[in-house]
Amino acid sequence: MKTVDQCDFKDKKALIRVDFNVPLDKDFNITDDKRMRAALPTITKILNDGGSVILMSHLGRPKGGPEDKYSLKHILGDLSRMLDLEVKFADDCIGANAAEKAKNLEPGQVLLLENLRFYKEEEKGDKDFAEKLAKLGDVYVNDAFGTAHRAHASTSIIAEFFPTEKYFGYLMAEELKNAEKINRNADKPFTAIMGGAKVSDKILLIESLLDKVDNLIIGGGMAYTFAKAQGGEIGTSLLEADRMELCLELLEKAKAKGVNILLPVDTVIADKFDNDAQKKNVDSGEIPADWMGLDIGPKSVELFADVIKKSKTLLWNGPMGVFEMANFEQGTRAIAEAVVVATKENGAFSLIGGGDSAAAIAKFGLEDEVSYVSTGGGALLEYMEGKELPGVKAIND
Ligand code: AMP
């Protein structure tokens, strides 16, 4: 793998695609800076070599033109503090101003470009736009795992303009190493824990996991579609009616492949989608009309935790319930705790998929107690499904 370790950046201008798509509150304070902190080792290595750094990223989902709320200027102060230097800012990612600022950049200095997605050409993977970006630097580095599954101008197309001078940053290398470990060298028993809202988002992953795992635990909102497909009553719980058939097929396939599938045996139900709703525990498939399942129940926790604690490899993607509400976080918390026990006491390798599972593990303060928390949600899922990520391919080609 071609990483930044293979390059001496002295007097070079490194154009780094980072994923600084961090959540901001209404006053533009960063509420979780993990993705920024994760990019610091690559930036520091290049500066220590005597190079300079030009950072490019997207933030949020602008509609294809400049929007103040999505300006990367909001993170400039925090970035400067993290790097302990004054980061310069170009209020457009291409054009005369960006070119001038990039040209005048001296070794040891850092320039942050304005949001790439202020140009619709970015997501379209436009070649001319990629070329304009490419002209700003001498070397291209991709350290944005969170967007590696997109064939965008800055994540993949741009690499064409750096036939030899292109490298993976440390974060990318670390993410790929950990994902690879699960994909190819998983110690057994291997247990995957799937949760979250929708079956449809995770079907491909579940199918590809059936060839690898010993146990597949299914919780969260998606479990109710399975329960309904098996003839249960699920009240007003999340349901993807058009996926019920598929759920039954997945169960059949799992059986044929000898995979132990665990579905919740009980559930915490609420009379409305609200933290202050009335709640009670019932067995799965016995939810009264007008009630909805918002978490797995205590018997399911016990069943799942027992399997998790005996596992040697764990992949977790998606919460067990609506963990954002304190009254419905218990199932997700208990599963997180079981993953920690497996990691610490059974020497398991535990990989937590990005997105909501990462948010959950951070909420419970357990980020440092598992083997690795990925910064990529969609990217990790696609990698695990066996797809070649465009951002990875572009550097490897
Ligand atoms: P995903 O992005 O598919 O991983 O889904 C994560 C979201 O699923 C979180 O915001 C959870 O609150 C939500 N979720 C998990 N379980 C349930 C449930 N039983 N009912 C409704 N939403 C749920």
Given R₀ = 51 Å, what would the calculated FRET efficiency be for Lys310 paired with Asp92, taking r from the Cβ atoms and rounding to 0.05? 0.40
Fewest to most neighbouring Cβ within 10 Å: what's the order for Cys93, Cys247, Cys7? Cys7, Cys247, Cys93
Residue-wise, which Karplus ³J(HN,Hα) couplings in Hz belong to the range 77-91, taking 6.51 cos²θ - 1.76 cosθ + 1.60, θ = phi - 60°, and x for glycine or proline? x, 5, 5, 4, 5, 5, 8, 6, 7, 8, 6, 7, 9, 10, 7
Based on the Cβ-Cβ distance of Glu233 and Lys120, what FRET efficiency does E = 1/(1 + (r/R0)^6) give at R0 = 56 Å, to the nearest 0.05? 0.75
Based solely on C-alpha atoms, express the radius of gyration and the Dmax of the range 135-291 in angstrom. 21.0, 64
Cut-off under 5 Å, modelled amide H: who pairs with Tyr167 long-range: Tyr140, Val141, Asn142
Kindly write out, for the range 4-10 in residue order, the coupling ³J(HN,Hα) from the Karplus curve 6.51 cos²θ - 1.76 cosθ + 1.60 (θ = phi - 60°), rounded to whole Hz, with x marking Gly and Pro. 4, 5, 8, 10, 9, 8, 3
R0 = 41 Å: FRET efficiency of Met325 with Asn48, Cβ-based, nearest 0.05? 0.35
With 0.36 nm assigned to each residue of separation and the Cα-Cα distance removed, Asp397 to Lys103 gains 103.0 nm
Of Arg243, Arg81, Arg37, how do they rank once you tally other Cβ atoms within 10 Å and put the fewest first? Arg81, Arg37, Arg243
Go through the range 258-269 residue by residue and turn each phi into a ³J(HN,Hα) via Karplus (6.51, -1.76, 1.60, θ = phi - 60°); whole Hz please, and just put x for glycine and proline. x, 8, 7, 9, 10, 10, x, 9, 8, 8, 8, 10
Roughly how many Å is it from the Cα centre of the range 60-130 to that of the range 153-225, as a whole number? 29 Å
Using packing as a proxy for protection, rank 317-325, 102-110 so that the peptide with the highest average count of other Cβ atoms within 10 Å comes first. 317-325, 102-110
Options Leu72, Thr147, Phe168, ranked by Cα towards positive dipole end of the range 4-171, top entry (Cβ charges): Thr147
One checks the Cα atoms of the chain and finds Rg and Dmax, in Å, of 22.6, 68
Order by neighbour count: Tyr170, Tyr119, fewest other Cβ atoms within 10 Å first, most last. Tyr170, Tyr119
For Lys127 and Asp290, calculate 0.36 nm times their separation in residues minus their Cα-Cα distance, and state this gained length in nm to one decimal. 53.4 nm
Note: Leu83 to Lys181 extended length (0.36 nm per residue) minus current alpha-carbon separation gives 32.2 nm
Helix-only [θ] at 222 nm, the chain, -39500 (n - 2.57) per DSSP H run of 4+, per residue, nearest 500, equals -10000 deg cm²/dmol
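Since every read-out is calculated from the coordinates, none of them should be taken as a lab result. Because the structure is predicted, anything quoted here is derived from the model rather than measured. Cβ atoms come from the backbone with ideal geometry, glycine included; neighbour counts cover every protein chain shown.
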